[in-house]
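Chemist: The structure's right below; bear with me while I get my questions together.
The values are calculated or read from the model by the stated rules, or taken from the named source; none is laboratory data. Values in this document were obtained by computation on a predicted structure and should not be read as measured data. Here the Cβ positions follow ideal geometry from the backbone for every residue, glycine too, while neighbour counts run over all protein chains shown. Protein only, heavy atoms only, side chains kept; ligands, DNA and RNA dropped before computing areas. Shrake-Rupley method; radii C 1.70, N 1.55, O 1.52, S 1.80 Å.
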Amino acid sequence: MKYLSIRVIAQSPLSIRSDHASSGAGTTSYIPGSTVLGSLATTYKLLNPGDAHNFERLFLSGAVRFPNLYLASYKKNQKLPDINKNLPIYPTPKTAIACKRQKGFLYPSDQNNESHGVRDTLIDHTLFTEWPEKDKVTALTILEASQTCAFEHNHQRCGEPTNRYEAYYRRINDKQLLASEGKYHLQTHTGINRFSGTIEEGILYNRQVFDEGTQFWGLIKVTDETVSTLLEDFLERIAKGGLMRLGTGRTRGMGKVFLITENQSRETDTFAAFQQRLDTFNSMLQQEARKYQTQLSQIEDQYYFALTLHSPTILTDALFRYHGTINARILEDLLYKQAKTPIHGIQHVYHQAQVQRITGWQELWGTPRTNEYAIETGSVFLFKCPHAQRTKLLPALYQLEEQGIGKRTIEGFGRICISDAFHQEVTWL
Ligand SMILES: [Zn+2]
């Protein structure tokens, strides 16, 4: 697998269809992979008319997996060091919480940042779920720790209730997380009657428009070395020529973007690092559980891991019915089909997930798409299996993370992260 990071900088206002997004910053501030794929395919056709062979290799064969591009801009701040613009952008999981009044990361710490911090609650929820039913009441103290804001100012605890925190962020340093912020507004348009050329009654739609200068980031995955060379040459050519247009309103001068791609070596994503991340999460959870030895001693011989969605994921069963969740059977099935590894004894422990409707336009063909249902970005599923399965399980999970799961992975759907490092953030940061 080869990785190319792709950075997009808006040179004119950038308008993205927002009708497919359900709610919140977490689901709207991105450029869908299908839009990226569509725009690149259109540009390729213009530059290389008649070259069906390479077009097929780049856009139809499945060798190139285009990503969703996530917001990668920040508020202007003198205190910020030079940030490596190729650091990955991640979505926060649905288990992330922040103060209801002053939400956001503590970093950068200066007087302009009034945020009270963010933390993850997956380990808390897991311990609560695993607690024996008969005295669940005592376990409530575990959950209470994250229900109010713990920020202290002049020895006074904030104490406001907490809410789920949705954002895109970069990990600048071990404990320094920086949330992306972009300026955008909603533009409302009226529909036009095709016969009379006048306003069509009852048709009103929204477009989300990002200001000039807004940046986005994503990671292209290429499974084939020769296709990768072909893609790199093509991307370099359009980058130099400033030929790329993204989103809607292109005839009105919108969507002119500057594109920068770079080969991404991924030392942090080798199998050894993967294994370490999973083991660290499991041992953190075990260590927390040891505080409650009498109630939670039974979890010691289990291996815990989380499956967190980094992009919307479309899963269907054999009869093409959509899955709204990922249970143990679905996961075992994926491991068997994609990694050829039969793993038994996986149990679902806890999840926080939501489903969204995906509508939209098939930009490759210029036709409307049928609606589909996806499990939202940031959804978290926690599983356990007997510790004895660990050696067999880890390589299989690694493959799943590399390949992605479900339908339309070439358009950025189905990016997953196993035991996302964010779940280790149990202290406010
Ligand atoms: Zn607070």
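Chemist: State in Å² the accessible area per residue of the chain; use a 1.4 Å probe, count heavy atoms of protein chains only, and round to the nearest integer.
Modeler: Using a 1.4 Å probe on heavy atoms only, each residue of the chain averages 48 Å².
Chemist: Out of the total accessible area of the stretch 228-304 (probe 1.4 Å, heavy atoms of protein only), what percent is carbon and sulfur? Numbers along the way, then the final one.
Modeler: Working: 2040 of 4150 Å².
Percent of accessible area from carbon and sulfur atoms in the stretch 228-304: 49.
Chemist: Need the full-extension length gain, THR198 to HIS387, defined as separation in residues times 0.36 nm minus the C-alpha distance. One decimal, nm.
Modeler: 61.4 nm
Chemist: Between beta-carbons, use under 15 Å as the cut-off and find the net charge around THR126, counting Lys and Arg +1, Asp and Glu -1.
Modeler: Here the charged neighbours net out to -1.
Chemist: Ranked highest first by the average count of other Cβ atoms within 10 Å around their residues, in what order do 303-311, 34-42 fall?
Modeler: Output ranking for 303-311, 34-42: 303-311, 34-42.
Chemist: With unit charges on the beta carbon (Lys/Arg positive, Asp/Glu negative), name the residue among ASN84, PHE105, LEU122 whose Cα is farthest towards the positive pole of the charge dipole of the stretch 57-177.
Modeler: Towards the positive end, the residue furthest out is ASN84.
Chemist: What whole-number volume per residue, in cubic angstrom, does the convex hull of the C-alpha atoms of the stretch 269-424 give? Intermediate values should be presented prior to the final figure.
Modeler: Values: hull volume 18.4 nm³, N = 156.
Enclosed volume per residue, from the Cα hull, is 118 Å³.
Chemist: Another question, then. Between beta-carbons, use under 12 Å as the cut-off and find the net charge around SER29, counting Lys and Arg +1, Asp and Glu -1.
Modeler: -1
Chemist: When the dipole is taken about the Cα centre of the chain, and only Lys, Arg (+1) and Asp, Glu (-1) are charged at their Cβ, what size is it in debye, to the nearest 20?
Modeler: Taking the Cα centre of the chain as origin, the dipole is about 700 debye.
Chemist: Computed over the Cα atoms of the chain, what is the convex hull's projected area averaged over all directions, in nm²?
Modeler: Projected area, direction-averaged: 24.2 nm².
Chemist: Can you tell me the length gained on complete extension of the stretch THR223 to HIS185, counting 0.36 nm per residue apart and subtracting the Cα distance? Kindly include the intermediate steps, with their values, before the conclusion.
Modeler: On the way: separation 38, 0.36 × 38 = 13.68 nm, distance 3.73 nm.
Extra length from THR223 to HIS185 when fully extended: 10.0 nm.
Chemist: Is the shape of the stretch 155-225 best called rounded, prolate or oblate, per the rule: a/c under 1.5 gives rounded, else a/b larger than b/c gives prolate, else oblate, with a ≥ b ≥ c the square roots of the Cα gyration tensor eigenvalues?
Modeler: oblate
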